[in-house]
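The values are calculated or read from the model by the stated rules, or taken from the named source; none is laboratory data. Given the structure is predicted, the values throughout are model-derived calculations rather than measurements. All Cβ positions, even for glycine, are placed from backbone atoms using ideal geometry, and neighbour counts span all protein chains on display.
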């Protein structure tokens, strides 16, 4: 937990609902959601790549919509459902998106991957399955310097395609 | 679940990267995820000016802020730090033979007296948390006397230029000359001499994970542990040990946990890697510094910026007789981040894929008031490729020949490999005409030439570019941290599980998978039984890390030969147990079995893990002359490099020569100068493929990098030296929607100097799009009088070529 000298600023206790669990955390008004998730809730799978809303490494779902958690204050997220990359896999079982990322070699260094998966998850959960061009457009806020994107687009398209053809998607051992 | 079936080899197959599954689950540990009890947080106060004398610097107010624990300036470091040791070259003295003459400045990691680029670290602030540390930056008091900045290498090299280092006689940090053949005669004999000045712009790799350092000092043990996002754990460790001034030499362990992309930006010894550990020693608590993106853009090395004054002597039929180049490289402030080694590479390889025996180049590396120039994927070769491939098109235009035909006439023929080039390197293998022929087919070159004519008649600007660029890999230099060897320790435990520790590192290349493939083949075991350790100086043999695609060349060779040697011991022990001749024992499917038998009985086969048990726990069953244990260290020395350079600067500096023939068709919007890629084809040869999907991913990712560099990415400076690209909003990298239609094909000429025949897959694609698209765009704008002599191919730069009345030059 980040120690915050009391004389510096007024801080407040808030409840963040992350991956279905409530976390009581003490934040400053200026504390960023990504810092609260990483340092106070203790989930470091969400990364920081630019601190300025450009790279998308910090993408989480905020009430099921992708949001860049470096540009949301923690206090603004109170009352919302936050989902992070840690929510995807069940114990021992990869989410179909994660499995597709593995099948398609859709990650290299892995630093952008959490954000890609969460942007991908928002697409995966859409009622109307998006096509590859729509996926590409939906990913413009997520930068990757390793893959050239095509494997990521292919993985998301594959997971969505599998879901459309087999609603009860077979699961793999993690 | 991967299983080994019969005799199918693991190498050459696309094994999935299951060992890296943790990154899919948000569980991998990057340096920013390291959490230590009592950890403090550091920020750096950085220079706001390009060139200035510091007249006052006070941290008093910053230190008064509650929560601030420590502040350091250069004055505080002088008793703590000898000075930062240079990297990668280890000496200030000119090297023997034709090695370059270099100047290094004394440094302690924080600015002393002067600042020389915006973003240079001036003071360290350490506080209880990051927010407080950032607040404190605003309380640092500094006053400056502004000095005229040096912002251009060529004028900066002149006698009248302001001096960055006042005890130097000029700003030229490095001079290097190399030559081969008889250039004067070649030019005297020429029918035509083509001259051009070509400017490569400044861009960089910008990994999504910025740099970061966490340091912990254990006073009782006098030991530092430093986690850093670096490609070179061991070099950072040694440089740090040599740089810290203490009564008793401090022992240093460096850990590079998961590294979120390197691309050369994490190949260097950065000031933060010295100052943060010193901060941890003084604070008596662990200290963490994580770079912001803004800091990254200002303080992590840039690359590429060079000007070439090049002239080519030709016969009328397009045969190249000779080549001269005079190169000015804009080094920024000359920190030890690999720029010197990078720029020396350029003149070695300007001749590229062509048989140009009469060649000379003169290189000037000039210190300027910009961010330090360092390594970047493509390391000096991108600039060389831009130069030669622009010149090939220019020669074709001047002579009225087809650019493909001019290339075909001058390619090094396949039968000439291994080919010793004019600057001394031995090109391992290749089939340049074959790759170009395939490119012409895949691109539909002839068809597009016809369609181009039709389009021009309609006023549309269609351009076609074709190039073939080499990407010399696996570098070595005497007296430097990059030497041509690779060390691997391989150990099989009594249960048959194997741990492979190397002096390399992984920034996303998938070593834990590919090493398991190599080891599995040699030992005949399930790759799931192989674990890989890299990036921890306490647990790996000394090595120079990952760069220059060297894993593919020396790394795979070391892993293969180390495991082969261990396999020989396994086979000797098994032969003894089976009472067979060692030459008849094969390691397959986890068993040592006698060849020609079914291998299904205790008389004809023994499990490898049972052999391991004997080696450790039943040593009375070993052959009498055999030592216990199954562990060894192997040092592989690259057979295709030389030391040192001769009197003309020639040396075999790189050992492997992957290449790619790329072609592009573009359409330029005459109204806006916007470039649209209609087709892009890459015919790539990186030798054999260890893991084809990983190879493809490396090449595709590299191409995205090169496309970004060609089209959007650049670091620019205002006339006062203020950098104009401080965030991704101002430094545009390709997004998923920017990727053009790509056709990739591989041809394979194996590297004859390595056991696996691999050449290196990750860098060629970064090199090729820049000249390819530059040629295509010039082809599009040339009828309107446009020329592409500078990069990147932004709408503004291209539009200016269509409306040259507005051009500055």
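Structure above, values below:
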{"read-out": "Index of the failed condition, residue B:741 passing every other in (1) under 23 Å from residue B:403 (Cβ atoms); (2) modelled with pLDDT of 95 or more", "value": "(2)"}
{"read-out": "Pairs with Cβ under 7 Å, 6+ apart, first in segment A:5-28 and over 21 Å from residue B:129 (Cα atoms) and within 14 Å of chain B (Cβ to nearest Cβ), second part of a loop (DSSP other than H, G, I, E, B) and at pLDDT 95 or above", "value": "A:18/A:43; A:18/A:84; A:19/A:84"}
{"read-out": "Subset of segment B:169-228 that is free of Cβ contacts under 8 Å to residues at least 40 places away in the same chain and more than 30 Å from residue B:716 (Cβ to Cβ) - its residue that is surrounded by the fewest Cβ atoms within 10 Å (Cβ to Cβ)", "value": "B:220"}
{"read-out": "Single unsatisfied condition, residue B:329 versus (1) buried (at least 23 other Cβ atoms within 10 Å of the Cβ); (2) free of Cβ contacts under 8 Å to residues at least 60 places away in the same chain", "value": "(2)"}
{"read-out": "Selection count, segment B:456-484, where residues are assigned to a strand (DSSP E or B), at pLDDT below 95 and surrounded by fewer than 24 Cβ atoms within 10 Å (Cβ to Cβ)", "value": "1"}
{"read-out": "Count - residues of segment B:313-326 that are over 27 Å from residue B:203 (Cα atoms) and either buried (at least 24 other Cβ atoms within 10 Å of the Cβ) or free of Cβ contacts under 8 Å to residues at least 60 places away in the same chain (or both)", "value": "4"}
{"read-out": "Subset of segment B:504-527 [under 23 Å from residue B:568 (Cβ atoms) and outside any loop (DSSP other than H, G, I, E, B)]", "value": "B:514, B:515, B:516, B:517, B:518, B:519, B:520, B:521, B:522, B:523, B:527"}
{"read-out": "Any hit, segment B:766-774, residues being at pLDDT 95 or above, within 21 Å of residue B:403 (Cα to Cα), part of a loop (DSSP other than H, G, I, E, B) and within 14 Å of another protein chain (Cβ to nearest Cβ)", "value": "yes"}
{"read-out": "Matching residues in segment B:721-753 - criterion: being surrounded by 20 or more Cβ atoms within 10 Å (Cβ to Cβ), in contact with a helix residue (DSSP H, G or I) (Cβ under 9 Å, 6 or more places away or on another chain), more than 14 Å from chain A (Cβ to nearest Cβ) and assigned to a loop (DSSP other than H, G, I, E, B)", "value": "B:749, B:751, B:753"}
{"read-out": "Options A:137, A:145, A:99: the member that is within 9 Å of chain B (Cβ to nearest Cβ) and touching a helix residue (DSSP H, G or I) at 6+ places or on another chain (Cβ under 6 Å)", "value": "A:137"}
{"read-out": "Residues of segment B:256-277 classified as farther than 11 Å from residue B:213 by Cβ and either without any contact (Cβ under 8 Å) to a residue 24 or more places away in the chain or in contact with a helix residue (DSSP H, G or I) (Cβ under 9 Å, 6 or more places away or on another chain) (or both), total", "value": "10"}
{"read-out": "Filter result (crowded, with 24+ Cβ neighbours inside 10 Å, in a loop (DSSP other than H, G, I, E, B) and at negative phi) within segment B:380-421", "value": "B:421"}
{"read-out": "Scan of segment B:496-516 for residues that are over 15 Å from residue B:541 (Cβ atoms) and more than 14 Å from chain A (Cβ to nearest Cβ), ordered by number", "value": "B:496, B:497, B:498, B:516"}
{"read-out": "Residue B:756 vs. criteria more than 10 Å from every other protein chain (Cβ to nearest Cβ), at positive phi and part of a loop (DSSP other than H, G, I, E, B)", "value": "no"}
{"read-out": "Helices (runs of 4 or more DSSP H) fully within segment A:61-174 counting 1 or more residues that are in contact with a strand residue (DSSP E or B) (Cβ under 6 Å, 6 or more places away or on another chain)", "value": "A:113-124"}
{"read-out": "Subset of segment B:317-345 [under 20 Å from residue B:715 (Cα atoms) and either in the same structural domain as residue B:272 (by TED's automatic domain parsing) or assigned to a helix (DSSP H, G or I) (or both)]", "value": "B:339, B:340, B:342, B:343"}
{"read-out": "Residue among A:50, A:55 that is in contact with a helix residue (DSSP H, G or I) (Cβ under 6 Å, 6 or more places away or on another chain) and in a loop (DSSP other than H, G, I, E, B)", "value": "A:50"}
{"read-out": "Condition met for residue B:142 (in a strand (DSSP E or B), assigned by TED's automatic domain parsing to the domain that holds residue B:45 and more than 34 Å from the chain's Cα centre (by Cα))", "value": "yes"}
{"read-out": "Test result for residue B:539, within 14 Å of chain A (Cβ to nearest Cβ) and free of Cβ contacts under 8 Å to residues at least 60 places away in the same chain", "value": "no"}
{"read-out": "Residue satisfying condition, being surrounded by fewer than 24 Cβ atoms within 10 Å (Cβ to Cβ), within 42 Å of the chain's Cα centre (by Cα) and free of Cβ contacts under 8 Å to residues at least 24 places away in the same chain, within set B:571, B:591, B:595", "value": "B:571"}
{"read-out": "Residues (touching a strand residue (DSSP E or B) at 6+ places or on another chain (Cβ under 8 Å) and in a helix (DSSP H, G or I)) located in segment B:239-264", "value": "B:240, B:241, B:243"}
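Results for (1) within 14 Å of the chain's Cα centre (by Cα); (2) within 7 Å of chain B (Cβ to nearest Cβ); (3) modelled with pLDDT under 95, shown as yes or no for each residue.
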site: A:52; (1), (2), (3): no, yes, yes
site: A:59; (1), (2), (3): yes, no, no
site: A:63; (1), (2), (3): yes, no, no
site: A:91; (1), (2), (3): no, no, yes
